[in-house]
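Below is one structure; the comments refer to it alone.
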């Protein structure tokens, strides 16, 4: 079984083609026991299914939006419209579905191009949440493909896809996964989810203002760093970490930076990062340092910013894992690509003697991509979530 997946939820144009392995056994289970409880059936299939990524093409718009310090929706929409046929062409060629001489410039030319579209069994597309103008570009493109080639189409929740990205790497069939706690942490979302099974979710908490990634972007702008903020801050923080681990490096304790950990001690699972951003703004303005003397300061404040975010995320997640007696913690979203966050999660699980699984996708599958959309589309197809292209709509405020 082959799935063509599309994601245009934000500023990356993403198309992937994935192949489902062991899918015959999954279908045999479904046909043999259609009355079985759906959650059990999904779990059986999740353990019997492997996903082979034939292509996973991402066209980034970072250079376009960097000068604005954030994403400009109408520019992102324009780039998606221009890039979708190009990225489809690259993805199909890389997956071996199109020969090297064929070119696709728009969806109307696709029926005349020489590739085996009949071998694509399913189209999966992100319908939300995200930037509405961007979502509609992907949805309309997917609808046209589905209509032209009479293919099934499955709408995908972008947040669920971030969690299901963990299935892109093989999971031992003997591993007891559920219940699990999922932490989705990205530029637009910071949410803690109780995962009872694939497709069965309960929202435990979410950000009341800025998401973690959004907060990092805004702080990076305050400090004069590049966009996106997360990687820029992580780079500066790593340089400071190297210095403080050097025995010869002297730290002035009087000028040490201490930033708040918002809501870390509150007895709920909500987040708030706007206060951290404000604290950085006042701290930075009060120092009033000359540009040439800011190098160490920028590195130190980035280190403290990153640690503040990490402390809050890990503390809330581990507390939820204990309360709900979960077997697994799963991460997803662009901020989950942060090396220090991943490292400290593993460390804290050991320190707290928590004998639970910890899953986080490879970094390239934490940021937006269509391979994870393909996985979510497959599980959605198993649950019968196919829709008529005419009824498919984008929903910018879609909840998990």
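Bear in mind that the values in this text are calculations on the coordinates, not laboratory data. Only a predicted model underlies this, so the values are computations on that prediction, with no experimental measurement involved. With ideal geometry, Cβ positions are generated from the backbone for all residues, glycine too; neighbour counts draw on all protein chains shown.
Assorted remarks:
- Point-to-point label distance, residue 238-residue 148, nm (Cα→Cβ direction, 7 Å offset): 4.2
- Separation of alpha-carbon centers, segment 358-400 and segment 320-336, rounded to whole Å: 19
- Fraction of antiparallel bridges per DSSP, segment 177-360 only, in percent to nearest 5: 55
- When the inverse distances between all different Cα atoms of the chain are averaged and flipped, the Kirkwood radius reads 22.3 angstrom.
- Cα long-axis angle, helix 229-244 against the chain (0 to 90 degrees, to the nearest 10): 40
- Alpha-carbon centroid distance for the pair segment 208-268 / segment 175-191, whole angstrom: 23
- Exposure proxy ranking for 10, 366, 215, based on other Cβ atoms within 10 angstrom of each Cβ and starting from the fewest, stands as 366, 10, 215.
- Residue-averaged 222 nm ellipticity for the chain, from DSSP H runs of 4+ at -39500 (n - 2.57), nearest 500: -14000 deg cm²/dmol
- Among beta bridges that DSSP assigns inside the chain, antiparallel share in %, nearest 5: 60
- For the chain, built as a Gaussian network whose Cα springs stay under 10 Å, the top-fluctuating residue of 330, 372, 263: 263
- Cα gyration tensor of segment 279-400 - equivalent ellipsoid semi-axes, whole Å, descending: 36, 23, 13
- On Cα atoms only, tilt of 212-222 relative to the major axis of the chain in degrees: 50
- Cβ-based exposure ranking for 68, 269, 297, in which fewest neighbours within 10 Å come first: 68, 297, 269
- Cα-based Rg and Dmax for segment 177-360, where Dmax is the largest Cα-Cα distance (Å): 17.0, 54
- Taking other C-beta atoms within 10 Å as the exposure proxy, 201, 378 rank 201, 378 from fewest upward.
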